[in-house]
Amino acid sequence: MHESKANEWIYYVAQIGHDLRTPLNIIKGFGELLDQEMAGPLNPKQHIYTKKIIKESDALLYVINQLLDWARLSGDKVVLSPEQTDLYLLGLEIQGQFELRMEQTGVQLINDIPKGTIVELDRNKFRQVLVNIVDNDFKFTQSGGEVHLAVRQDDAHLYLDIRDSGRGMNPEQLRRIFNAFDTAGEAVEADGHGAGLGLWIARSIVQAHGGTLVAESVPGLGSTFTISLPKGADAL
């Protein structure tokens, strides 16, 4: 695709995403008000309906936000705001975000990152990287399984491993998993939602930090995503 046409398409995707997100947030908001019985009591079946409205609104917002992230990362150079970040504390934050998910799925997220592991990076963007990868791991992992966050280091790099005990991926999935819009490579499609962008977005953000994101997997034995970040004050 010609560059000008590609940029035009990216612009329209971003515009449509913004136009869809506003009314969808309104629909979700009214669904939540109904579910909280702000307009009067509901019977049990009506509660089921309102919770379905909220759940499906969240699913659509997830897809729209992925499309907006893709448009932003594709159309512009990623602007980073690096700061000293404690990866252990960030891991605790991710655990908190997935607390309800752990209860619902029976999958445990374990933070094995040592306390005081400090790295200079864009905390908010890197948080999105971890959320996207962990979200994908949960969808690959059966009840009773685990997802581990762990760190290794050498003289030049810090390695963050996100390892799951799930069903793993075959070589074809592994080859395609970081492709944009390639849902064959992401377990995000397991629940019928997603645009196949979560891992592409994660890799793009890691690369903007001067790092790499790779995956290894064996069917039936789980998967490991490894983020490599360069050390040094001039790494970013």
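Accessible area per residue for region 28-176 in Å², computed with a 1.4 Å probe and the full protein assembly in place, what is it?
54 Å²
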*asked:* Given the C-alpha atoms of region 74-123, compute the convex hull and give its volume per residue in Å³.
replied: 105 Å³
_Estimated FRET transfer efficiency (S81, F30; beta-carbon r; R0 35 Å; 0.05)_ = 0.50
*Give the relative contact order (percent, whole number) for region 81-151; include only Cα pairs under 8 Å separated by 6+ residues.*
46 percent
*May I ask you to work out the translational diffusion coefficient for region 82-227 at 4 °C, viscosity 1.567 mPa s, via Stokes-Einstein with Rh from the Kirkwood sum over Cα pairs, reported in whole µm²/s?*
85 µm²/s
*Once label points are set 7 Å from the Cα along Cα→Cβ at both E103 and F181, what is their separation, rounded to one decimal in nm?*
3.9 nm
*Figure the gain on full extension for K55 and I110 (residue separation times 0.36 nm, minus the Cα-Cα span) and round it to one decimal in nm.*
17.2 nm
*Carbon and sulfur together cover what percent of the accessible area of region 79-182 at a 1.4 Å probe radius?*
47 percent
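By how many nm would the segment from V131 to I48 lengthen if fully extended, with 0.36 nm per residue of separation less the alpha-carbon distance?
Length difference between fully extended and current span is 27.1 nm.
The values are calculated or read from the model by the stated rules, or taken from the named source; none is laboratory data. Being a predicted model, the structure only gives us computed values, none of them experimental. Every residue, glycine among them, receives a Cβ derived from its backbone with ideal geometry; neighbour counts consider all protein chains shown. Ligands, DNA and RNA are excluded from the accessible area calculation, which covers all protein heavy atoms including side chains. Shrake-Rupley method; radii C 1.70, N 1.55, O 1.52, S 1.80 Å.
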